Structures are given as structure tokens and as C-alpha cells.
1. With unit charges on the beta carbons (Lys and Arg positive, Asp and Glu negative) and the dipole taken about the Cα centre of the chain, which residue among ILE104, GLY88, SER69 sits farthest to the positive side?
2. With +1 on the Cβ of every Lys and Arg and -1 on the Cβ of every Asp and Glu, and nothing else charged, how large is the dipole of the chain about its Cα centre, in debye rounded to the nearest 20?
3. Helix-derived [θ] at 222 nm for the chain: sum -39500 (n - 2.57) over DSSP H runs of at least 4, divide by residue count, nearest 500?
4. Shape call for the stretch 71-118 from the C-alpha gyration tensor, a ≥ b ≥ c root eigenvalues: rounded (a/c under 1.5), prolate (a/b greater than b/c) or oblate?
5. Under 23 Å from the Cα of LYS52, which lysines turn up, not counting those fewer than eight places away in the same chain?
6. Give the peptides 66-74, 89-97 in descending order of average Cβ contacts within 10 Å, highest first.
7. Over the stretch 3-131, what relative contact order in percent results from Cα pairs under 8 Å that are six or more residues apart?
8. Where is the GNM fluctuation largest for the chain (alpha-carbon springs, 10 angstrom cutoff): ILE65, ILE98, ILE77?
Amino acid sequence: MTRTKRRETIFRIIFRMEFNAKEEMEEQLELALQEYAEEPEEDVAYVREKVKDIIAHVDEIDILISEASEGWSLRRIGKAELAILRLGVYEEKYEADIDDSLAINEAVQLAKRYGDSGAPAFINGILARIAE
């Protein structure tokens with residue numbers, strides 16, 4: 001699995017947080033990972049570990065997003081965009097081996113694919129503020 005595909009898989013699972021209680025995410029994670037049974041175990045383990053870590057830090061991540069998104073409550077941010085932001089902030093703040101510019105670029109690419117037309121600029125702006 002490429003790094004980009006890993007990131008997209010993590011995003012797709014994190015997206016489920018908007019539709020499930022935090023307590024249900026462990027089960028949702030395992031259900032989602034069944035789709036990747038053919039992938040190498042180290043890739044599945046990587047995705048599992050990162051999703052669990054994002055879930056563990058989601059409250060802190062959401063505070064950073066709220067502070068950086070002046071005038072936008074989390075409820076006002078689209079669900080796909082919020083999941084992308086959570087992943088991007090996680091990579092910026094909790095992944096020492098991922099450069100901020102790479103995290104932002106990858107998040108913008110996800111926004112182009114899954115967000116609405118204004119999502120890439122919105123995502124870029126929020127993540128750039130947090131990176132400062």
C-alpha cells in the first residue's frame with residue numbers, strides 16, 4: 001500500500017467518526033479494515049495504529065481546528081473536510097517524521113478528491129495556520 005493509499009484509508013475510517021459514537025470506533029475500525037484483508041499486514045497494522053492514535057487525540061485536534069478556523073464551528077465544517085483536517089492536524093502535531101508541508105499537501109489532495117469546490121483552499125488555510 002502506498003503512503004497516499006494509507007492516508008486515504010485512514011481518512012475514510014476517520015470519516016466514520018461523524019456517524020458513530022467514539023466508543024463504537026474500535027468496531028468500525030475493524031469492520032473497515034476487513035476491506036483491506038488482501039493488503040500486507042504491516043500496512044493494515046499501520047492504519048490501525050494511526051486511526052487509534054487519532055481517535056485518542058481527537059479532542060485536542062478539534063481544539064486546534066476550532067482555534068484556527070475563525071468563525072467556523074466544527075458543526076459547520078463539512079464532514080469530509082473535518083475528517084481531512086483531523087488527519088492533517090494529527091500529522092502536523094503528532095507525526096515527527098512527516099513534514100508540515102507534506103501533511104498540508106496531502107490533505108489538500110484529499111480535499112480535491114472528497115471535498116466540495118472550496119475545500120482545498122479551506123483545508124490549506126486551516127492547516128497552514130496550525131503549522132505556524
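All of the numbers you see were taken from the coordinates with simple rules; none came from a lab. None of the values given here were measured: they were computed from a predicted structure. As a convention, Cβ positions derive from the backbone with ideal geometry for all residues, glycine included, and neighbour counts pool all protein chains shown.
1. In the chain, that residue is SER69.
2. I would put it at about 560 debye.
3. -23500 deg cm²/dmol
4. Cα axes put the stretch 71-118 in the oblate bin.
5. Cα-Cα hits under 23 Å: LYS5, LYS22, LYS79, LYS93.
6. Working: 66-74: 12.4, 89-97: 16.9.
My ranking of the peptides, most packed first, is 89-97, 66-74.
7. 24
8. Looking only at ILE65, ILE98, ILE77, the largest GNM fluctuation is found for ILE98.
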